[in-house]
Every structure is written in structure tokens, then in C-alpha cells.
1. Taking only pairs six or more apart or across chains, which ones have beta-carbon atoms under 9 Å, a first residue in the stretch 40-58 that is open to solvent by less than 90 Å² (accessible area, probe 1.4 Å), and a second residue that is among the charged types (D, E, K, R)?
2. Mind checking whether some residue in the stretch 67-74 is outside any helix (DSSP H, G or I) and modelled with pLDDT under 90?
3. Given the structure, is V82 at pLDDT below 95 and hydrophobic (A, V, I, L, M, F, W, C)?
4. If G25 passes every condition in (1) at pLDDT 90 or above; (2) surrounded by 12 or more Cβ atoms within 10 Å (Cβ to Cβ) but one, which one does it miss?
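The values are calculated or read from the model by the stated rules, or taken from the named source; none is laboratory data. Computed from a predicted model, the values in this text were never measured in an experiment. A quick note on method: Cβ atoms are made from the backbone with ideal geometry, for glycine too, and the neighbour counts reach across all protein chains shown. Protein only, heavy atoms only, side chains kept; ligands, DNA and RNA dropped before computing areas. Shrake-Rupley method; radii C 1.70, N 1.55, O 1.52, S 1.80 Å.
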Amino acid sequence: MITENAADVEGGVAHSAGAAVAFTGLAIAAIVMTVRCARRRATLPAVLSAVAALVLLVPMSPDHLSIQIAVNGLITFTWTTVLALALRRVA
């Protein structure tokens, strides 16, 4: 029989809650960038930011959770890196 330590359970809940807040914040940032790029008529960055936001806002399915986490991580790091490089070129 496997027993769980209460501290481990609390740490897991805190980790999950933190991840939910972080990914929601990234989705909001992607939406903001979508609007910003659309107003500047920068079509490709607007579309890519919108796709990133949509992927980040897709509800997690318990059946495919590990795949969704990997895809979200890949899209998040890619979007953040491209955004940082684009803002660096402007500055």
C-alpha cells in the first residue's frame, strides 16, 4: 500500500495551481500581443500570437495531459523566444 505524505500532496497542489496561473498569464500576454500586432497590421505575428493563445487556453484533458503539457511548453517557450528576439530588434 502506498501512502502519500501530506506535504507532498500540498506541494503538488501548489505546483499545479502555479502552473495554471502562469500559463493563463502567458495566454493573456499572447492575446495582448495579438491585438497589438493586429493594430499595427502585422498579420503574421498577430496570427502566430493568436494561435499560441488558443493553444494555451485549450482545456486540459486527463487522457492526454502529458502530451498537452509538452505541447504547451514547446509553444510557450517558442512564442516567448520569438517575441523577445522581435522586441530586441526593435529596441
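1. Matching pairs, first to second residue: A42/R36; P45/R36; A46/R36; A46/R39; A46/R40; S49/R36.
2. No, the stretch 67-74 contains no residue that is outside any helix (DSSP H, G or I) and modelled with pLDDT under 90.
3. yes
4. Going through the list (1) at pLDDT 90 or above; (2) surrounded by 12 or more Cβ atoms within 10 Å (Cβ to Cβ), G25 breaks only (2).
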